[in-house]
Structures are given as structure tokens and as C-alpha cells.
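The block underneath contains the structure these notes are about, expressed in C-alpha cells.
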Amino acid sequence: MTSPASPVDPSRLRQHVRAQMGFLAAPGGTVWSRIHFAESLPVPTPMTWAILQRFLSGRGGLGLMYRDLGYPAHAALEQRGPYDLLAGHLYCNLSREPLLYSGWLPLEHPYALLRTNPLRALAPRAVRNPARLGPWFWLFLPFRLPFLMLRSVRFAQRLAECGRSFATRFRQEILPAFRCATERERSEDHSALSSPALLERLEFWIQHTLCAFARESLKPTALAALALGRVERRLRRLLGPDPARLTSLRLTMGVRPEPESDLAGALQQLAAGTLALPTFLARFGHRASQEMELAQPRWSEQPAALAMLRHLEPQPALAKSTPEQWEELAAEAGLSPAQGRELTPDVEALQTYLALKATGRHYLMSGYALIRQILLELDRRAQLQGGVFFLTPEELPALTAGKDLSALVAQRRADRAAALALELPPVLFSEASEDFAPPSPRPTRPVLRGITLSLGTVEGRAVVLERFGEAHDPGAGDILVAPALDSVSLPLVLQARALVLETGGVLSHAALLARELGVPAIAGLPGVQHQVRTGQRLRVEGATATVTVLAG
């Protein structure tokens, strides 16, 4: 008989988090922020986190992608990436994050600046701090300067060549090869394999999906970010900061994924009855809400999860961005024809790679679903009822050898339940003492200001999801208020008139979905899910990044 798991004392858990933060903090202080990857996977199970740690390290897909682009990851990230798990909650460590791409440049997220304005930590930008280079660098700079200049030229040439050629290579070589491999594996009968063979297959698909393929599928995200940076910098010189920001966002409104990975379009067709469910599941059955969590069932396993689409009302599709539309937008912004033509290559690169970003994610998830299927077969054989996701890959050989790990699974379930019950804010500071205060009271002021993810102005009734992934059957016209949304929160987004989020960046999945569908979206509002009530009437203004509480 399995012994009951020991209860976890919340106060001891908070003390453990504080001690862990002290151990992980850099000498000058560290900020942890729920951004990037942590937006869509706030509380991973042990198996998910153990597998994804490799993916997020310097030797995994994330680090290898940066290395291919000429940004060699720091040796400190070889085993541990830029993310930490604090009491079961995933955070980006802003002391380590620049080490992925900074190379020899002294990039950092300044602790003191973020401490005075925590909102910046929800959309941080690393800045240069020459003091980090040390006296020896400056002493030998005259001798190093020619080599540094040559290195910079080669680096720029490498990035430019990648930007020109990668889209074609990705579509014509990388995607077809990976698609064929995943289709072959899906046709395999995993129940017929021995346990050692299953473990070998698991290791292969972790390596093939999260290292080899992720190395390529993440490049559209990086190349889109680089193109967006170039566009914003040029527009800032021509138009000024605010017009440049709004114009660059308008450039990405209506950008859609490649046709075979256009999940939003397929869901709309499914709801309208023009796409049969079996056809939809054949194309998108490997996707799911909270799909980076391996314990989460895929749509092919639980088609009933799509039941909320029965209430979906047809929405007019936003026209896809085209070069001709860019010319019109450039004229509206006051750019001369010559200035518009100068920006056109970067605009086209931005729109191309934003579309391929979603396509890369779509195919990455097909390999990720295979990892889940192999784990489910191991779980079935051990009769753990989902307990395999509370183990780690290193513990699987003992499991397949017959060792009883049920007590360990029970304890980890209890630990995760305690972690889920612990309210942690979206930003943590290593030297702060108030990080674990209860959620902020509802605001007395009626206007909240955040970060614009998608343009537009609407009014509607608020529907609040206090936790990521919370079930909700939305009504048409709702303004969805949530901590974050992942790339497959589409059934929610398709019904919403606007999104108001605690976390999310301009290139986050929620932002791309919102702009693809023409839905206004604002993020960077810490604790917003505790500050707005379901039923209140809100006005969301993308251009000014404001949310106004009108009534209720």
C-alpha cells in the first residue's frame, strides 16, 4: 500500500523559494520574470521540466539556434539554460538570459532599473554596460580592435545571408524531412516494443525534436525579432519613438501562418462546419491548450476539448499583410517613396518570418506529441495513471526494471499541488522582501497602463481567468483577462473582442494570434487578473496601451 504524501507547509515553501533565489542570484542581484517560454508553461510537471531543461540549455535547440546565427552561448549555459524553477513556477533568470546571445558584448538587464520599475521586467531589453568588460579589455583594445571589426563584419554578413536564404531552405528541406520522420513514427505500434527499445526511442525523439529540429524551427522567431528591431530603429529615426512603435505593430496585423499550419483558420472552418472533425484532427490533433506540458492530453486524445467551438460566431478574417499595403502604410506615416523602398526588404523579412514562426511551432509540436505518446506507453505498463509525468528520464530505467516508484510519484504530486496553491508574482527580485505578498487589491483608479501587443479599440464585458489554463466557455464579445495565453488558446481568442494579459511580449504567441485576428491586446499588467472582476465593462485601447474600467 502506498504511504500518503507528506503535506507541504506554505511558509516553509516560501522560505525554500527565498533560499533558492539566494543561491541562484548573481552578485549584483537577479530579477526573475515570467516571460518568453515561462508565459506558456508556468508550472511544469517534473518530467516536462527535466526534458525541456535540455532544450533550453546551450547544448539544446535554443542554444544551438543562437550558435548557428553567430551568438555562441556562454559556457555557463551549457548544462543550465536561462530558466529557473522556483517552487514549481517557471521564471526567466534575467542575469543569465543575455548569456545566450551576448557573446563578448557586455549585455545585461540592469537590476537597479528594473527594481524601480518592475513593469520593464515583463518586456525587458538587454543594454550594454561597458564596465562589465574590465580593465584588461580596454588595455588591449588597440590590438584587438581590427579583429573585433572583422568579426563584426562577418557576423553581419552571416545574419544577412541567413535572413535571405533560410525561409526557402526551411520550407523545402527542413520541414518535409521532419514531417516524414514524424509520420513514420506515428504509424509505429509502441505497445509492441520492449521497454529498453521504448527508452531508446524516447531519447531519440527528445534529441531529434528538441535539439536537432528545434535548432531550425526557432530561427524564424530570432530572424523576425532582428527584422522588427531594424524596422523600429529606422522608423524611430524617421518618425520618432511613438509613431515608430505603432507603425511597426501595424505592419504585423493580419500576418498569418503558412496554410498547412493555419490553426486559427482551421478552427474557424471547424466551427462553421466547412471542415470535418476527422480532417481537422488529422492535421492538428497533435496540438492542445497548454501544449508544452507533456502531461496535457492532445486534441486527438480528447476531441471533446473542442466543444466550446459550438458557440463560436463567425469573425471576419483580417486581410493578410502584403507589400502593397506596406506602401500605403508608409505613405500614411509620412515616409517618402524612397524611404519606403529602403525599408521594404526588412518589412518583407519581418512578415515572412512571423508567419514561419507559427509554422515551426506547429511541426515542433508534432515531434513533441510523439514524446508524450512514448511516455504514455511507459505509464500504462507501470500502471501509474499519469504518474510517469512526475518522474524524470533518469528514473525511467528503474521504473522499467520493476522498481515501485509510486510513493515518489505521490510525494511529487503533493509538492506540485502546494506549488500551484502558492501565489507568486510575475516578477521576483533577489533582494526584495515583499515578493510573496497577497495579490494587489482591486484598483481604485479606473485606468491601467501596460504594453501594446495588438492595435485597435473596443469595449466589452470582462471575463477573468485567474489562472493560466483555467477552463472557460467564452461568449462572443467578451474581453478576456488572463495571466497569459499560449499558442493554442485559440478557442478563447477567437471568441474574444480583446485580450488583457499579465505577461506577454510583442513576439509572444498571444501577440501574434491577436494581430493575426485583428484583436486588440495589452500586456504588462501585473496582477491584472486580480484587479478586474468578471462582468465589469472595459475599454481597451491598443494605441495608448490603456485599459479603462467603465462600470461594474
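Details
- The residue that is surrounded by the fewest Cβ atoms within 10 Å (Cβ to Cβ), among those in region 60-80 that are at pLDDT below 85 and more than 27 Å from Ala421 (Cα to Cα), is Ala75.
- Residue ranges of helices (runs of 4 or more DSSP H) in region 157-230 with at least 3 members surrounded by fewer than 18 Cβ atoms within 10 Å (Cβ to Cβ) and in the same structural domain as Leu354 (by TED's automatic domain parsing): 175-186, 195-207
- Breaking point among (1) within 27 Å of Leu64 (Cα to Cα); (2) outside any loop (DSSP other than H, G, I, E, B), for Leu246: (1)
- Set Ala319, Ala266, Ala288: member being within 17 Å of Leu376 (Cβ to Cβ) and at pLDDT below 95: Ala288
- Put simply, of Ser11, Ser40, Ser57 the only residue that is over 14 Å from the mean Cα position of the chain (by Cα) and either acidic (Asp, Glu) or modelled with pLDDT under 90 (or both) is Ser11.
- Breaking point among (1) modelled with pLDDT of 85 or more; (2) assigned to a loop (DSSP other than H, G, I, E, B); (3) within 23 Å of the chain's Cα centre (by Cα); (4) not aliphatic (A, V, I, L, M), for Gly402: (3)
- Of all residues in region 14-40, those that are in the same structural domain as Ser95 (by TED's automatic domain parsing) have Cβ atoms under 7 Å from Cβ atoms of residues that are part of a helix (DSSP H, G or I) and surrounded by fewer than 18 Cβ atoms within 10 Å (Cβ to Cβ), 6 or more apart or on another chain, in Thr30/Leu24.
- Extreme residue, surrounded by the most Cβ atoms within 10 Å (Cβ to Cβ), among residues of region 385-399 that are in contact (Cβ under 8 Å) with a residue 12 or more places away in the chain and among the hydrophobic types (A, V, I, L, M, F, W, C): Val388
- The condition (being modelled with pLDDT under 85, surrounded by fewer than 18 Cβ atoms within 10 Å (Cβ to Cβ) and in contact with a Leu (Cβ under 8 Å, 6 or more places away or on another chain)) is satisfied by just one residue among Pro446, Pro439: Pro446.
- Test for Phe468: is it more than 23 Å from Tyr353 (Cβ to Cβ), out of contact with any helix residue (DSSP H, G or I) (no Cβ under 7 Å at 6 or more places or on another chain) and either at pLDDT below 85 or assigned to a loop (DSSP other than H, G, I, E, B) (or both): yes
- Residue match in region 180-189 (condition: within 24 Å of the chain's Cα centre (by Cα) and either touching a residue at least 60 places away in the same chain (Cβ under 8 Å) or within 30 Å of Pro124 (Cα to Cα) (or both)): yes
- Scanning region 496-552 for residues that are farther than 22 Å from Leu249 by Cα, of a type in the set (A, V, I, L, M, F, W, C) and in a loop (DSSP other than H, G, I, E, B) yields a count of 1.
Residue by residue, here is whether (1) among the basic types (Lys, Arg); (2) at pLDDT 95 or above holds:
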position	(1), (2)
Ala177	no, yes
Arg215	yes, yes
Ala222	no, no
Arg230	yes, no
Leu238	no, no
Leu251	no, no
Ala276	no, no
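The values are calculated or read from the model by the stated rules, or taken from the named source; none is laboratory data. Bear in mind that the values here come from a model prediction, so they are computed numbers and not experimental data. Cβ coordinates were reconstructed from backbone atoms using ideal geometry, including for glycine residues, and neighbour counts include every protein chain displayed.
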